[in-house]
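Take a look at the structure set out below.
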Amino acid sequence: MRSAAMTDFIERVREASDIVSVVSSYVPLKRKGNNYWGCCPFHQEKTPSFSVNGDKGLFYCFGCHAGGNVFKFISLVENVSFFEALKLQADRLGMPLPEEEKSPEERQRDEHYNQLRQVLQMARDYFHNCLTKTEMGAVGRSYWASRGIGPEIISEFSLGFSPNSFDKFNKAFRQRGISEALLLEAGLVKNGERGGVYDRFRNRVMIPIADERGRIVAFGGRVMDSGEPKYLNSPETTLFNKRRMLFGLDRAAKAIRTAEKVVVVEGYMDAISLAAAGIRNVVASLGTAFTREQCRLLMRYAPEIYFCYDSDAAGQNATMRALGILREVGAKAKVLIVPEGKDPDEFVRRQGKEAFARLIDEAQPVVDYQLNYLFGQAQLGSESGRQDALKSVLPVLYSVKDDVVNFNLYVRQVAGRLSIDEGLITQSVSRYRPQPEYTGGGQMNRSGAAAVRSGQQISGTAQAAGDKTASKVRVEQSVRSAGRVIVRQLWQDAGALPYLLAEIPLEDYPDPLIGGIIASFAKDAAAGRELSESSLDEAAAAELSRAVMSAVPGEDLMGLFEECIVVIRRAILQNKYEEQRLLADALDHKGNTVEALAALREASRLKKEMDGLDSGKKFSGN
C-alpha cells in the first residue's frame, strides 16, 4: 500500500506534467480543436487516431484503445512499470522521490534478491576464470578459437567454461559459505534423483545472460562433447524470465540507438559472432519464440526490427510467428535472408562484416517475405492448391489494404503467381475478416469482438442463435455507450454523482467495467477527494480516457446524461424481467404453480415499469 507521502508525490508529479509535451517527445502531434492528434505509437496506422488532451491530462487511441494519464503513456511507450514511469517523469521534472519506509518483508525480499545477484556474479567470475586461467579450460579456449572468438570478446562478454565434474562447482561455492538453497534457486545446481545436488552445467562453454542493466540473471551453456542437450539454459527464476529478456541488449543498446535498427537472431552464439565481426546492434531471443514483451522492449530502442533467424524450415516458421507478433504490436520490421541455408554465425565467419551489412541493406519488407514463404509452401500445380494458397495470403493482403499503392502491387504479384484475376483477389480481400480468436470461458479477444460489431454475417443452423446474439450485442453496445456519457459527465461535474447513485444503485449496474469506474468515483467522493483515475486498473483507466476524450464540442452533456440514465435503468429492468420470466418457466416446469405465478406477477410489474420510462428521449450511442 502506498504511503500518504507517496500518494501526494504522485499527484504533484501528475499536476506538474504537461502530457502534450511528454507525448510530443515520442509522437509528432498536430492540434485540431481542443485536442492534439497523431499516429499511435502502440500500433501501426497511417490515419491519426491517437488523441491527447492537455487540459484533462489524458490520451486515448481510437484505433487500439490504449489510454490513460501521463504515467500510463510513459509505462506503455517505455515498456516499464507504473513506478518506473513515475521515476522517469519525476527525474525529468527534477523532483526527487520521497524516501519510502520499507516494511520488514520488503527489506527481506530486497536483501534476498541482492544475495541471488551476488551469487550469479560470483558464478560468472568462476566460469570465466576456469576458461582463462586453468588447464581445465583448454578445451573451452580451443572451442572459442575455432569459432573465431578471441580474448577481447571473451573478456567483453565474460565468456567462461564449466568443468567436466559432477560437483566441483557446488563444492567450491559451499566452501565459500553459499547455501545449497541459494544455489538451487539461482539455477546453478540441481537436485539428484537419489538425494543431494549436482552441478547443472558440466563440460560446457558458458555464456552469462544479463538484464538491460547488465546484471547477471542466468547462463547458457554449449556442451563440448556429444552430450544432450547441445545448448542448456538456466531455468526461469525470480530474476530470469525469458519472455521479457533479450541476450546482449545491455551491450548493444548504444549501437541500436545509433543505427536506429536492431537485428534479432535466434541464439546467443549468433549474437556473439556478429559482435566479434563488428556488428553491434544485435540481440538474441534466447532460443525461445519471439514474444510481445520482447517486441515492446526493442521498440524503446529502435524504430525498426530486422529478423535474421536461421534459413532452415524451423527458422522460417519462427520468423513467420515473430512477424505476426510484430503486426499485432505495430512494430516496423524487415527480414534478412541468409543464403545457402546458413545461420548468421556461420555466414559472418565465412563471408565477413561487409557481406552481412549487404544482407541488412537488402532485407525484405515483411509482406514480401510472408508472401514468398506462403507461396513456397503452396501446391500451385492444381486448382485446389491455388485456391488454398489464395486463402493463406488473404491475411497478408488484408494487413496492407489501406496502403493503396502497395496493395495494388501485391495484388498484381499474387494474381501473377496464382494465375487468378486481380479483381477476384481484391473482392476476396474485401470479404475477408480476421477470424475471432476463442480464448475460453465464452470470451473473445478484441479482434473477435470487432468482428461481431462489424455486422459479420452468420450462416447455417446458427442463424437464429446469431440473431439473438446480435440483439444482445446491440444492447451491450448501447449500455457501454451510455455509460461513457455518464462517466464523462461525472468527470466534468462530480456533483452529479449523488443523483446518479439515487437513480441507479451500483450493485445493479449492468456493465462491470463502467460500474467499476463509477464505484471508484464514489469512493473518492466519500473520502472528500477529487475524482481520479489513479486507483483504476489498466482496462478501466483506458475506458475512462476513451469516455472523456470522446466529447463532442457543443454537446448538451447534461441532457445526454439524463437520457443515458434512462438507457441504463431500462437495461437493468430488462435483465430483471428476463430473470423473473425464466424463473417462472422453471418453477412451472417443476409444478410450483404458486411460486411461478408470483414470478410472473413480478415480471409483469417490471415490464410496466419499463414501459413507463420516458421513451421520448432517444440515445443513439457514440
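The values are calculated or read from the model by the stated rules, or taken from the named source; none is laboratory data. Values in this document were obtained by computation on a predicted structure and should not be read as measured data. Counting neighbours? That spans all protein chains shown, and the Cβs are built from the backbone with ideal geometry, glycine included. All accessible areas refer to the heavy atoms of the entire protein, side chains included, with ligands and DNA or RNA removed. Shrake-Rupley method; radii C 1.70, N 1.55, O 1.52, S 1.80 Å.
Of Trp37, Tyr60, Tyr306, which is farthest towards the positive pole of the chain's charge dipole, taken about the Cα centre with +1 and -1 on the beta-carbons of Lys, Arg and Asp, Glu respectively?
Tyr306
How much net charge surrounds Val217 when only the other residues with a Cβ under 14 Å from the Cβ of Val217 are counted, with Lys and Arg +1 and Asp and Glu -1?
Values: positive: Arg117, Arg124, Arg213, Arg215, Lys242, Arg243, Arg244; negative: Glu185, Asp211, Glu212, Glu236, Asp250.
Computed value for this residue: +2.
Charges on Cβ only, +1 for Lys and Arg, -1 for Asp and Glu, centred on the Cα centroid of the chain; of Leu286, Phe219, Gly376, which one is farthest towards the dipole's positive end?
Gly376
Please give the charge dipole size of the stretch 1-121, origin at the Cα centre, charges +1 on K and R Cβ atoms and -1 on D and E Cβ atoms. Round to the nearest 20 debye.
Values: 15 positive and 16 negative charges, 130 e Å.
Using Cβ point charges on Lys, Arg, Asp and Glu, the stretch 1-121 gives about 620 debye.
Probe of 1.4 angstrom, ligands and nucleic acids ignored: what's the accessible area per residue over the stretch 1-62, in square angstrom? It would help to have the intermediate numbers written out before the result.
Details: 3460 Å² over 62 residues.
Spelled out: the 1.4 Å probe surface of the stretch 1-62, per residue, equals 56 Å².
In the full protein assembly as shown, how much of Asp524 is accessible to a 1.4 Å probe, in Å² to the nearest 10?
Accessible surface of Asp524 is approximately 10 Å².
State the answer as a single residue: which of Leu116, Ala138, Ser158 lies farthest towards the positive end of the charge dipole of the stretch 105-186, with beta carbon charges of +1 for Lys and Arg and -1 for Asp and Glu, about the Cα centre.
About the Cα centre, the residue reaching furthest to the positive side is Ala138.
Considering only DSSP beta bridges whose two residues both sit in the chain, what percent are antiparallel, to the nearest 5?
Values: 32 of 43 bridges.
If I count the DSSP bridges inside the chain, around 75 percent turn out antiparallel.
Rounded to the nearest 20 debye, what is the charge dipole size of the stretch 274-315 about its Cα centre when +1 sits on each Lys and Arg Cβ and -1 on each Asp and Glu Cβ? Mind dumping the intermediate values first?
Values: 4 positive and 4 negative charges, 51 e Å.
My answer is approximately 240 debye.
Hey, what's the stretch 170-320 come to in accessible area per residue, 1.4 Å probe, Å²? Present the calculation step by step, with values, prior to reporting the outcome.
Numbers: 6290 Å² over 151 residues.
That works out to 42 Å² for each residue.
Quick check for you: with a 1.4 Å probe and neighbouring chains kept, what is the accessible area per residue of the stretch 481-569, in Å²?
Details: 3720 Å² over 89 residues.
Counting only protein heavy atoms, the per-residue value for the stretch 481-569 is 42 Å².
Using only Cα atoms, what is the ratio of the radius of gyration of the stretch 495-540 to 2.2 N^0.38 Å? Could the numbers behind the result be given before it?
Details: Rg = 10.4 Å, N = 46, 2.2 N^0.38 = 9.4 Å.
Compared with the compact-globule rule of thumb, the stretch 495-540 sits at 1.11.
I'd like the accessible area for Thr238, computed on protein heavy atoms only with a 1.4 Å probe and all protein chains in place. Round to 10 Å², please.
About 80 Å², rounded to the nearest 10.
Once every DSSP H run of n ≥ 4 in the chain is given -39500 (n - 2.57) and the sum is divided by its residues, what mean residue ellipticity at 222 nm do you get, rounded to the nearest 500 deg cm²/dmol?
Numbers: 26 runs with 340 residues, N = 622.
That calculation yields -17500 deg cm²/dmol at 222 nm.
Tell me, how many Å apart are the Cα centres for the stretch 1-70 and for the stretch 145-178?
Centre-to-centre (Cα) distance: 48 Å.
I want the local charge near Phe247. Using Cβ-Cβ distances under 11 Å, sum +1 for each Lys or Arg and -1 for each Asp or Glu among the other residues.
My count for the surroundings of Phe247 gives -2.
Can you list the lysines whose alpha carbon sits under 28 Å from that of Lys334, skipping same-chain ones fewer than 8 residues off?
Cross-link targets: Lys46, Lys242, Lys254, Lys261, Lys342, Lys353, Lys391, Lys401.
Mind checking the dipole of the chain: about its Cα centre, +1 per Lys or Arg Cβ, -1 per Asp or Glu Cβ, Debye to the nearest 20? Numbers along the way, then the final one.
Numbers: 81 positive and 80 negative charges, 230 e Å.
The dipole of the chain has a size of about 1100 debye.
Taking the inverse of the average 1/r across all pairs of different Cα atoms in the stretch 89-133, what Kirkwood radius in Å do you get? Intermediate values should be presented prior to the final figure.
Working: mean 1/r = 0.0729 Å⁻¹.
With all distinct Cα pairs of the stretch 89-133 included, I get 13.7 Å.
For the chain, give the percent of accessible area contributed by carbon and sulfur heavy atoms, probe 1.4 Å, rounded to a whole number.
Values: 15640 of 32210 Å².
The computed percentage sits at 49.
Excluding residues on the same chain fewer than 8 positions from Lys56, give the lysines whose Cα lies under 22 Å from its Cα.
Lys30, Lys32, Lys72, Lys87, Lys523
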